[in-house]
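The values are calculated or read from the model by the stated rules, or taken from the named source; none is laboratory data. Quantities reported herein were computed from a predicted structural model and do not represent experimental measurements. Methodologically, a virtual Cβ is constructed for each residue, glycine included, from the backbone with ideal geometry; neighbour enumeration extends over all protein chains shown.
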Ligand SMILES: C[S@@+](CC[C@H](N)C(=O)[O-])C[C@H]1O[C@@H](n2cnc3c(N)ncnc32)[C@H](O)[C@@H]1O
């Protein structure tokens with residue numbers, strides 16, 4: 001019965017958040033439900049099976065039946081928010097008729113201080129089996145900017161395709177109907193919501209987005225179809241240097257479309273000419289890059305991509321200012337950079353304030369464009385930096401950033417997976433790790449432990465996942481017994497995400 005895919009459970013009351021935006025409900029019969037997606041405390045929902053795994057079943061919300069919050073009290077609300085797409089609220093909220101159901105800011109109808117309380121609970125629960133938590137943990141640092149804080153937005157193209165079968169059996173697709181450019185729909189990942197304004201993107205990102213959207217729409221070039229792997233427009237990324245005012249646009253298109261369509265190739269060539277000659281774009285966009293993406297995966301940077309620039313070189317500059325010390329970074333299209341610049345400054349300052357002033361070398365694993373290592377090196381007299389990063393473009397950026405900030409001759413770069421590192425690191429005074437969401441690879445743990453037998457260095461661990469961080473800590477605590485200063489910084493208002501920083505000595 002429980003394994004029935006169509007099974008629907010009705011009137012479930014949401015009470016407790018679990019991890020990774022998943023909610024947990026204890027049923028009267030002792031069973032536990034894991035409910036994914038943007039529900040909120042106090043909601044009464046119907047749920048149905050989303051994933052039927054061997055060890056657990058994940059449920060998704062099918063309908064919201066009741067919801068206590070008076071959403072009209074909130075000053076700013078996004079008309080695309082998924083909650084307004086639910087049956088219960090559809091008639092109760094006075095918003096223009098637009099596509100609803102965007103999966104981005106799922107917590108937007110909760111006041112910000114309530115969001116912080118929920119995140120606080122997530123952090124505490126993640127570390128619930130660790131003895132030291134209450135002694136070292138301090139309250140979350142909230143985000144100064146709650147709206148319009150994201151410096152990078154990735155929009156996707158989508159359209160509904162109508163299919164007509166003629167009497168002679170010939171099939172015709174109308175791929176120009178119902179064109180949309182925006183974000184994935186909550187609970188319906190293959191559909192894209194048409195967005196006109198995003199409340200968490202910087203204002204000027206919205207402005208550039210709207211301007212270009214109209215141009216793309218008017219071109220009548222077809223939108224890529226992810227099912228059939230044909231046609232043209234795929235994604236469109238806008239990135240901003242929030243402290244420099246520079247903008248990067250990366251338009252992602254499938255040029256294979258032109259193999260059988262010379263007419264559209266001509267339209268595309270004219271469109272590129274139009275983009276290059278447009279005064280608004282030239283004034284506002286520092287770097288405009290085209291990515292030819294003929295790969296099957298629905299990603300911006302997959303296999304089979306080729307890039308070229310309409311103007312400038314596919315990168316922008318960004319600055320970070322921490323305690324009046326300024327660092328400048330070159331960031332290219334595919335390099336990681338923290339998506340909330342102001343809170344990145346807060347995060348790195350939090351990290352810096354935890355650290356003792358030690359000499360010797362810094363090893364920065366998972367370094368991206370080199371931001372953390374360089375920021376710390378600029379603050380004090382460390383000797384040199386050793387960097388490890390998997391994305392080649394980010395390594396190139398890190399090299400340039402070392403030069404830009406006058407530490408080039410002091411650095412060694414390794415473009416490889418962190419789990420492959422196998423070098424003699426000398427005179428290590430600090431190791432910084434900032435891995436992606438998954439936990440540390442066992443080779444990295446062994447490498448660190450081995451290094452610790454030679455040098456008495458503190459370990460600075462930054463992570464956007466408190467659960468994997470807590471698990472890694474269990475493996476490392478034997479070696480870094482003096483666990484100090486665990487802090488959380490909110491970089492992502494209106495979402496369940498939270499950034500953690502901890503220092504082990
Ligand atoms: C959370 S980002 C941190 C980047 C940087 N520390 C910063 O704050 O800007 C994680 C970085 O790890 C890189 N990465 C992912 N998997 C990796 C691996 N197996 N080995 C090395 N780097 C990896 C990603 O490309 C990304 O730049």
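Which residues, counting only those in the stretch 127-157, are at pLDDT below 90 and either at positive phi or in a strand (DSSP E or B) (or both)?
Residues satisfying the conditions are 137, 138, 139.
Of the residues that make up the stretch 375-383, is at least one under 20 Å from residue 462 (Cα atoms), surrounded by fewer than 22 Cβ atoms within 10 Å (Cβ to Cβ) and outside the structural domain of residue 427 (by TED's automatic domain parsing)?
Scanning the stretch 375-383, I find no residue that is under 20 Å from residue 462 (Cα atoms), surrounded by fewer than 22 Cβ atoms within 10 Å (Cβ to Cβ) and outside the structural domain of residue 427 (by TED's automatic domain parsing), so the answer is no.
Quick grid of which residues meet (1) touching a residue at least 40 places away in the same chain (Cβ under 8 Å); (2) within 16 Å of the ligand (Cβ to nearest atom):
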residue: 246; (1), (2): yes, no
residue: 250; (1), (2): yes, no
residue: 254; (1), (2): yes, no
residue: 280; (1), (2): yes, no
residue: 297; (1), (2): no, no
residue: 302; (1), (2): no, yes
residue: 317; (1), (2): yes, yes
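What is the residue count in the stretch 224-247 for residues that are assigned to a strand (DSSP E or B), at pLDDT 95 or above and more than 17 Å from the chain's Cα centre (by Cα)?
4
Kindly check whether there is at least one residue in the stretch 333-340 that is more than 9 Å from the ligand (Cβ to nearest atom), surrounded by fewer than 23 Cβ atoms within 10 Å (Cβ to Cβ), closer than 30 Å to residue 494 by Cα and at pLDDT below 95.
no
Yes or no: the stretch 337-352 includes at least one residue that is outside the structural domain of residue 372 (by TED's automatic domain parsing), touching a strand residue (DSSP E or B) at 6+ places or on another chain (Cβ under 8 Å) and under 12 Å from residue 248 (Cβ atoms).
Yes, there is a match, as at least one residue in the stretch 337-352 is outside the structural domain of residue 372 (by TED's automatic domain parsing), touching a strand residue (DSSP E or B) at 6+ places or on another chain (Cβ under 8 Å) and under 12 Å from residue 248 (Cβ atoms).
Give the stretch 76-90 a look and list any residue that's surrounded by fewer than 17 Cβ atoms within 10 Å (Cβ to Cβ) and modelled with pLDDT of 60 or more, or say none.
Residue satisfying the conditions is 76 alone.
Among (1) buried (at least 22 other Cβ atoms within 10 Å of the Cβ); (2) under 25 Å from the mean Cα position of the chain (by Cα), there is one condition residue 361 misses while meeting the rest; what is its number?
(2)
For residues that are surrounded by 15 or more Cβ atoms within 10 Å (Cβ to Cβ) and over 16 Å from residue 295 (Cβ atoms), tally how many sit in the stretch 238-264.
Going through the stretch 238-264 one residue at a time, the tally reaches 14.
With (1) touching a strand residue (DSSP E or B) at 6+ places or on another chain (Cβ under 7 Å); (2) modelled with pLDDT under 75; (3) closer than 28 Å to residue 128 by Cβ; (4) loosely packed, with under 12 Cβ neighbours inside 10 Å as the list, and residue 5 as the residue in question, which single condition is left unmet?
Only one criterion in (1) touching a strand residue (DSSP E or B) at 6+ places or on another chain (Cβ under 7 Å); (2) modelled with pLDDT under 75; (3) closer than 28 Å to residue 128 by Cβ; (4) loosely packed, with under 12 Cβ neighbours inside 10 Å is unmet by residue 5, namely (3).
Please go through the stretch 430-470 and pick out each residue that is under 23 Å from residue 390 (Cα atoms) and away from the ligand (no atom under 16 Å from the Cβ).
449, 450, 451, listed by residue number.
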